[in-house]
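Throughout, read-outs are computed from the coordinates displayed, never taken from laboratory work. Model, not experiment: these values are computed from the prediction. Reconstructed Cβ throughout: ideal geometry from the backbone, glycine too, with neighbour counts over all protein chains shown.
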Amino acid sequence: MRLLNQNFMARILLHTCCGICAGHCVSLLQSQGHEVVLFYSNANIAPASEFERRLKAVDTLCAHFGVPVIVDTPNHREWLERVARGFEREPERGARCPRCFRYSLERAARTARERDFDFFTTTLSVSPHKPSKTIFEIGKSVDAERFLEVDFKKQDGFKKTNTISRSLDLYRQSYCGCEFSLRDALAQRRTATPKTAEMLSDRPEDIALAGSLLRAGGLVAIPTETVYGLAANAFDENAVRSIFSAKGRPFIDPLIVHVHSLEQAETLADTAHPAVEKLAKAFWPGPLTLVLPKKATVPDIVTAGEPTVAVRMPVHPVARKILRAAEVPLAAPSANPFGYVSPTTAQHVLQSLGERLDYIVDGGACDCGIESTIVLVGETVRILRLGIITREDLEKALGTEFSVEIGKGLLEKKAEEAEMQTAQIAPGMLKKHYSPRAKVELWENAIPNLEDATGKTALVFQKRPGSLPALSENATAFWLSEDGDQATVARSVFALLRRLDDAGFSDIRIERSPNDGIGAAVNDRLSRAAAR
Ligand code: TXA
Ligand code: MG
């Protein structure tokens, strides 16, 4: 290793990952009379917007000290492959970090050689969170001739660099850089100070952040055209486990996996059944979930040990962008506490799960308003859950080749078995779903007499009534649509149930939908909301 001679004015390439760390390091080297060029290189940074944010701080710093900067174009995908693969679950400061130091120092060494610098070194050693000894060992092993060993954290280096960055008002990052460090920083902050989730928008930088977090094993609530989903990387068992704990959902209830393309669906499920092609062509992307034979890639926790996996390709533009950004399939149940009404706006998610989440992506109110139609494609085509895509729609798309039948959902089947076996799970809990806190009763044809209603009671009509019946002072009338259009009723029903709950209604008397088409799906949700 060459040593820095105090009387020798050296040209030094100074690697840095951000503006903050560089201040003291530049100042120290300049004060020793050296010529410094910054090398801004950090392919670890995710999302890409964070790279730009830190670059701005580096530019401000360089202008202040009058030093040039070489910006190394980041290749995060390569970084993920070469540095992170197999080390994703390592905690911050674990075995992934030295690999990352090496990646950046190798790039710095190459640039120093190519551009004929006397030395290269790094600002990494200024941070008390980074092990100088390891950094020096890596630096020397990369290029013993050119690596300059400077422990910038000595003599209050970190304090000094912070003072400089504050005086220049530089952007202060709250995590080291990669999506895994962001995930850990968020988790740590959450345990230190419980806080409520942050809202993200559909701006590209927010989508990129959501994608990076999801890929790294974080939980993010996302909009879909049906209801909001609580998403996690479907291939990451720990991430999927955190969905269950955030929702309080029993592990016997499997999740739907969301994909952006048929090719991605094929990484999870066997799509060879001829009905799949027809259904996918007719309804994907859209509110249809197909239950198909699962591939070994899907962790058992996703499917509750079933040999099948539920796959859906949403059409909501924000959901699609997030899926593209995440690059992994996303397991996502509805983003509500288990058993409660599904959320159809970002505010609904914030209200009932906000304290258990870091981020919610706001994509506006959901267009369908009830969950997807679930279809089991096997020997027969069986509807397991009714939805906006109706039995008639399915029959039309499938033609005469396949018959469509209505079956029971997986949970109902399990509930029946439980009832027979008086198992540990409470069967009532499994049948009751989509339930507000208020007592729900259904009516049809005859308007209930609410002249003597005692509790705060909501009388809910399918469409705007011609005239209102006599109601007690405690009762108020609402309607789900102007004209009884069932797509509108489906869009409004969950939002109204939540609104009534929030307004403190104790009784909800709600008119049934006509029992066909979308109406049948609405009635399914209403009956469950009314189940006790
Ligand atoms: O519209 C939707 O489907 C929404 C959005 C977020 O995509 N998701 C949703 O997920 O409603 P969730 O978890 O609330 O309901 C999924 C249902 C559960 O009732 C589960 O039992 C069933 O899908 N399911 C999942 N995997 C299954 C499988 N392999 N076989 C049978 N049923 C399955
Ligand atoms: Mg649900």
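Just a few scattered comments:
- Given 13 as the ceiling on other Cβ atoms within 10 Å, longest exposed-site-free region of the chain for GluC sites (Glu not before Pro) in DSSP loops: 146-378
- Acute angle (nearest 10 degrees) that the helix 237-247 long axis makes with the longest principal axis of the chain, alpha-carbon atoms: 50
- Nearest 10 degrees, 0 to 90: helix 19-31 Cα axis against the chain principal axis: 0
- Kirkwood hydrodynamic radius (C-alpha pairs) into Stokes-Einstein, region 195-418, 10 °C and 1.306 mPa s, D in µm²/s: 92
- Estimated inter-spin distance, GLU441 and ALA144, nm [label 7 Å along Cα→Cβ]: 8.8
- Only one residue of LEU323, SER403, ALA282 has its Cα farthest out toward the positive end of the dipole of region 195-418, where Lys and Arg carry +1 and Asp and Glu -1 on Cβ, and that residue is LEU323.
- Here the spin labels are modelled as points 7 Å beyond Cα on the Cα-Cβ line, and at ALA192 and LYS408 they lie 5.1 nm apart.
- Sorted largest first, the principal axis extents computed over the alpha-carbon atoms of the chain equal 99, 55, 42 Å.
- The mean of 1/r over all distinct Cα pairs in region 402-532, once inverted, gives the Kirkwood hydrodynamic radius of 16.0 Å.
- Each Lys and Arg adds +1 at its Cβ and each Asp and Glu adds -1 at its Cβ; summed about the Cα centre, region 148-234 shows a dipole of about 440 debye.
- Rg/Rg_globular for region 2-177, with Rg_globular taken as 2.2 N^0.38 Å and Rg from C-alpha atoms: 0.96
- Relative exposure of TRP79, TRP443, judged by other C-beta atoms within 10 Å (fewest first): TRP443, TRP79
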